[in-house]
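The values are calculated or read from the model by the stated rules, or taken from the named source; none is laboratory data. Computed from a prediction, not measured in an experiment: that's the story for all the values here. Don't worry about glycine lacking a Cβ; one is built from the backbone with ideal geometry, like all the others, and counts go over all protein chains shown. SASA here: full protein model, heavy atoms, side chains in, ligands and nucleic acids out. Shrake-Rupley method; radii C 1.70, N 1.55, O 1.52, S 1.80 Å.
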Amino acid sequence: MGSSAIDMKTLSSRQLAVARAIAATLFEADALHPVPRERLDFALQELRAYVSRVGLQTRLALGAAFFVLQHAPFLLIGKIRRFTRLSGEARRKYLEKLERSRFGIVMVLVKTLLSFVYFEHPDALAGTGYDSQGLLGPAYAVGAAPPTSRLRVLESSPNPSNPEEPSSELRPATVAKGA
Amino acid sequence: MYRTPTPILEGRDHPGPLTAEADVAIVGSGAAGSVAAKILAEAGHSVIVLEEGGNHTPDEYARYRPTETFRHMYRDAGTTAAIGLGDTPLISILAGRTVGGSSTLTGGVIFRIPEAILDSWVKDHGLVDYTPEKLEEAYLSVERETFVETVPENMRSASTALFGEGAKKLGYELKSMKRNTRGCLGSSRCNFGCPNKAKMSVDVTYLATARSYGAQVISDCRVTGLEIEGGRATGVKGELLDAERRKRGKVHVRARKVLIAGSALSTPLLLKGAGVGRWTRAVGGNLTLHPGFRVAAYFDRDVSAWKGALQSAYSDAFEDEGITLNSVFAPINVLAAMLPGVGPELHAYTSNMRELATFGAMIHDEGGGRVWRMPGGKGVYTYRMGRRDKLRMLKGIRILAETFFAAGAKEVLLPVFGVRPIRSVDELRFLEDERIPARRFECVTFHPLGTARMGLDPSTSVVKPSGETYDVEGLYVIDGSVFPSSIGVNSQMPIMAVATKLAWGIRDRWQSKRVAA
């Protein structure tokens with residue numbers, strides 16, 4: 001992370017703050033079990049990298065979607081506050097109403113991208129009941145490293161047959177290659 | 001004679017500008033470009049293949065997570081879309097941008113072009129060389145090169161088996177698909193690069209063989225223009241891209257023949273940029289998409305739909321109505337995006353994905369799309385869905401949902417935004433109302449075709465039956481752009497077979513000229 005090329009083409013810090021609040025609301029099991037911070041960090045980091053590669057049309061649409069999501073609570077739930085300043089319960093009601101409204105397409109776009117990145121976190125993936133190797137690839141079936149570090153190894157190019165040895169086949173990790 | 005394959009020259013690593021000369025320059029390394037590269041290199045011609053995407057080896061993409069594959073190997077990270085005009089959904093177009101093109105990212109499904117379609121090509125477009133008999137040799141050649149095999153029933157996932165049970169109860173059967181695979185382990189993530197190197201996509205078949213015959217592949221190389229002198233194609237120009245897709249050096253390739261195989265989305269952009277078809281509006285028009293959709297269903301039992309082949313069975317029982325049913329699955333994170341609800345409700349669905357089954361369908365569409373070239377050369381895609389096609393979508397959604405209920409589903413999720421989960425067949429009645437706005441359909445396609453179509457009439461076609469453009473000598477289009485109509489089946493094999501036929505023609509005419517000279 002941290003490349004200027006990515007910074008220019010991806011979400012702003014304000015948009016990321018909105019995305020984080022949406023993800024925390026979307027994926028919480030209930031009020032007593034909020035989404036762990038580490039999963040949100042992972043999802044936001046991946047979202048940022050992902051958006052740096054989407055086309056201009058999608059980037060513009062996403063920008064508009066975050067703007068609407070942040071500023072439309074008054075229209076749907078009558079609260080004169082930005083989305084990020086709502087209580088957890090109000091956020092959930094607002095997103096539910098938005099999803100069922102004629103502007104549901106706004107929610108679809110954001111929910112799709114957030115689901116893409118959130119459910120790649122090994123713990124979130126495990127929570128779905130997925131128990132196969134295909135999704136993460138054979139490289140992640142080896143070793144006893146904790147799930148998150150197993151995900152990150154792609155960025156540092158290990159040899160899948162022996163995680164201790166660097167691979168000669170993969171290039172050194174760069175933001176564009178691994179981001 | 002086979003040699004060690006030439007290394008792929010990666011534009012991102014190449015210092016400075018690049019100039020080259022060859023008999024043939026091929027734009028695009030996907031299903032069509034790779035086939036032509038192999039055939040022409042084998043015939044002794046010097047061939048350069050220029051690919052806009054990066055070079056991702058099977059070892060690399062085997063380890064990519066789905067979003068990494070999206071970012072590195074799909075055009076626009078998988079977010080390309082056709083904008084719906086009128087009563088039309090936004091249609092997501094998944095297309096590869098990598099060495100090997102979309103063939104590295106499809107389910108590997110192999111269908112021949114239905115005979116009824118070829119009949120219409122002959123009758124309506126005068127393509128007398130495109131009968132099933134005259135394509136047979138090309139089909140056999142592709143099947144040999146890409147290891148086509150029938151998916152055994154024991155490779156079907158429980159999701160597909162359940163759907164098959166429902167189909168049987170409703171009076172129709174599933175048939176086994178053919179795919180280009182060798183040693184498939186059923187990891188159910190073909191669309192994100194095979195994790196087991198079992199898919200025989202063109203990067204490991206045709207293109208590898210072409211490189212053994214000396215063809216040179218340049219990746220990270222965006223072709224921006226065609227060079228035409230005195231009405232004849234003489235080469236291409238473009239730019240090398242770095243790993244972050246920024247320009248880093250110019251490319252100039254002089255060639256005696258230029259073959260364009262950039263897909264139905266990109267090929268018309270190059271042709272329009274060169275002024276081809278300026279007076280007819282045929283270039284970029286006639287875009288067909290095979291709009292596809294899937295229905296998901298929850299059962300009271302463990303389905304674990306990710307265990308088995310991603311695509312293994314199909315039904316042509318509704319072919320007369322323009323609907324083909326295909327088994328399909330998607331990675332968990334992609335499927336989760338279609339589940340309803342927020343917070344606890346969404347969690348209830350995502351935490352039970354073991355009980356989720358899916359099946360898909362696509363429609364044989366009329367072709368209401370167009371590729372527009374914007375200033376700077378970028379493309380914008382529009383699509384207007386005909387009433388007939390909208391009705392086909394509604395019918396297809398209903399068939400899928402009814403079949404799942406027949407199989408015992410407790411809840412069915414429809415690809416219609418804003419519609420709550422359905423719990424009985426009776427609740428599907430609303431699909432009979434054609435006033436449902438089509439923009440609420442969730443729609444995706446892997447098969448854009450037909451934006452530089454082949455035909456005998458230069459006023460409505462872009463290329464001759466030989467693939468050569470009417471406007472420019474020595475300039476050929478060999479990809480799915482040349483299809484004069486939608487085909488109603490997965491397009492990988494049809495594109496490869498037509499490219500084979502066109503490349504054989506180019507090779508044979510060249511040899512005849514040499515002999516005559």
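Please pick out the residue among B:Val27, B:Val49, B:Val35 that is out of contact with any helix residue (DSSP H, G or I) (no Cβ under 6 Å at 6 or more places or on another chain), at pLDDT 95 or above and open to solvent by less than 40 Å² (accessible area, probe 1.4 Å).
Every option except B:Val27 fails the conditions.
On the basis of being in a helix (DSSP H, G or I), touching an Asp or Glu at 6+ places or on another chain (Cβ under 9 Å), facing chain B (nearest Cβ under 9 Å) and at pLDDT 90 or above, does A:Phe116 make the cut?
Here the answer is yes, as A:Phe116 does meet what is asked.
For the structure I just gave you, tell me whether B:Glu145 is surrounded by 15 or more Cβ atoms within 10 Å (Cβ to Cβ), in contact (Cβ under 8 Å) with a residue 60 or more places away in the chain and away from every other protein chain (no Cβ under 14 Å).
Here the answer is yes, as B:Glu145 does meet what is asked.
Can you pull out the residues in the stretch B:195-217 that are within 14 Å of chain A (Cβ to nearest Cβ), open to solvent by less than 20 Å² (accessible area, probe 1.4 Å) and not in a strand (DSSP E or B)?
Selection gives B:Pro195, B:Ala198.
Here are B:Ser459, B:Ser466: which of them is among the polar types (S, T, N, Q) and open to solvent by 60 Å² or more (accessible area, probe 1.4 Å)?
On the way: B:Ser466 fails: open to solvent by 60 Å² or more (accessible area, probe 1.4 Å).
The conditions single out B:Ser459.
Within the stretch B:193-209, how many residues turn out to be under 19 Å from B:Met493 (Cα atoms) and in contact with a Ser or Thr (Cβ under 6 Å, 6 or more places away or on another chain)? Working first, answer last.
Pass one, the stretch B:193-209, residues under 19 Å from B:Met493 (Cα atoms): B:193-194, B:198-209.
Okay, now just the ones that are also in contact with a Ser or Thr (Cβ under 6 Å, 6 or more places away or on another chain), so B:193, B:198-203, B:205-207.
Result for the stretch B:193-209: 10.
Being within 30 Å of B:Ile332 (Cβ to Cβ), open to solvent by 40 Å² or more (accessible area, probe 1.4 Å) and outside any strand (DSSP E or B) is the requirement here; does B:Lys134 meet it?
Details: within 30 Å of B:Ile332 (Cβ to Cβ): no; open to solvent by 40 Å² or more (accessible area, probe 1.4 Å): yes; outside any strand (DSSP E or B): yes.
Judged against the criteria, B:Lys134 is not a match.
Look through A:Leu47, A:Leu75, A:Leu60 and report the one residue that is open to solvent by 10 Å² or more (accessible area, probe 1.4 Å), closer than 30 Å to B:Thr69 by Cβ and assigned to a helix (DSSP H, G or I).
The match here is A:Leu60.
Quick one: is B:Gly262 closer than 30 Å to B:Val47 by Cα and either within 12 Å of chain A (Cβ to nearest Cβ) or not aromatic (Phe, Trp, Tyr) (or both)?
Working: closer than 30 Å to B:Val47 by Cα: yes; either within 12 Å of chain A (Cβ to nearest Cβ) or not aromatic (Phe, Trp, Tyr) (or both): yes.
So B:Gly262 fits the description; yes.
May I ask you to list the residues in the stretch A:84-101 that are in a helix (DSSP H, G or I) and more than 8 Å from chain B (Cβ to nearest Cβ)?
At the first step, the residues of the stretch A:84-101 found to be in a helix (DSSP H, G or I) are A:84-85, A:88-100.
Result: A:Thr84, A:Arg85, A:Gly88, A:Glu89, A:Ala90, A:Arg91, A:Lys93, A:Tyr94, A:Lys97, A:Leu98.
Out of all the residues in the stretch B:416-436, is one or more part of a helix (DSSP H, G or I), under 25 Å from B:Ser102 (Cβ atoms) and in contact (Cβ under 8 Å) with a residue 12 or more places away in the chain?
No, the stretch B:416-436 has no match at all.
If B:Met353 satisfies all but one of (1) closer than 24 Å to B:Glu68 by Cα; (2) more than 11 Å from chain A (Cβ to nearest Cβ); (3) aliphatic (A, V, I, L, M); (4) more than 23 Å from the chain's Cα centre (by Cα), what's the number of the condition it fails?
If we test B:Met353 against (1) closer than 24 Å to B:Glu68 by Cα; (2) more than 11 Å from chain A (Cβ to nearest Cβ); (3) aliphatic (A, V, I, L, M); (4) more than 23 Å from the chain's Cα centre (by Cα), just (2) comes out false.
Find the residue count for the stretch A:24-74, including only residues that are among the basic types (Lys, Arg) and more than 10 Å from chain B (Cβ to nearest Cβ).
So the answer is 3.
I need the strands (runs of 3 or more DSSP E) fully contained in the stretch B:230-345, keeping only those with at least 3 residues that are crowded, with 24+ Cβ neighbours inside 10 Å.
Fully inside the stretch B:230-345 and qualifying: B:232-241, B:247-260, B:292-298.
Looking at B:Ala167 and the list (1) open to solvent by less than 70 Å² (accessible area, probe 1.4 Å); (2) of a type in the set (A, V, I, L, M); (3) free of Cβ contacts under 8 Å to residues at least 12 places away in the same chain, which single condition is not satisfied?
(3)
Here is a list of conditions, (1) more than 14 Å from chain A (Cβ to nearest Cβ); (2) within 22 Å of the chain's Cα centre (by Cα); (3) modelled with pLDDT of 95 or more; (4) more than 14 Å from B:Gly33 (Cβ to Cβ), and B:Asp220 meets all of them except one; can you say which number that is?
Of (1) more than 14 Å from chain A (Cβ to nearest Cβ); (2) within 22 Å of the chain's Cα centre (by Cα); (3) modelled with pLDDT of 95 or more; (4) more than 14 Å from B:Gly33 (Cβ to Cβ), only one is false for B:Asp220: (1).
For A:Gly104, are the conditions met, namely being at the interface with chain B (Cβ under 9 Å from one of its Cβ atoms) and either closer than 26 Å to B:Arg354 by Cα or modelled with pLDDT of 95 or more (or both)?
No: the conditions fail for A:Gly104.
Is it true that A:Thr148 is open to solvent by less than 50 Å² (accessible area, probe 1.4 Å) and modelled with pLDDT of 90 or more?
no
Among the residues of the stretch B:486-498, count how many are at pLDDT 95 or above and small (Gly, Ala, Ser).
Going through the stretch B:486-498 one residue at a time, the tally reaches 2.
If only one of B:Glu432, B:Glu411 is among the acidic types (Asp, Glu) and either open to solvent by 50 Å² or more (accessible area, probe 1.4 Å) or under 30 Å from B:Gly230 (Cα atoms) (or both), which one is it? Show your work before the answer.
On the way: B:Glu411 fails: either open to solvent by 50 Å² or more (accessible area, probe 1.4 Å) or under 30 Å from B:Gly230 (Cα atoms) (or both).
Only one candidate qualifies: B:Glu432.
State yes or no: is B:Gly183 surrounded by fewer than 17 Cβ atoms within 10 Å (Cβ to Cβ) and within 14 Å of chain A (Cβ to nearest Cβ)?
Yes; evaluated as a whole, the condition is true for this residue.
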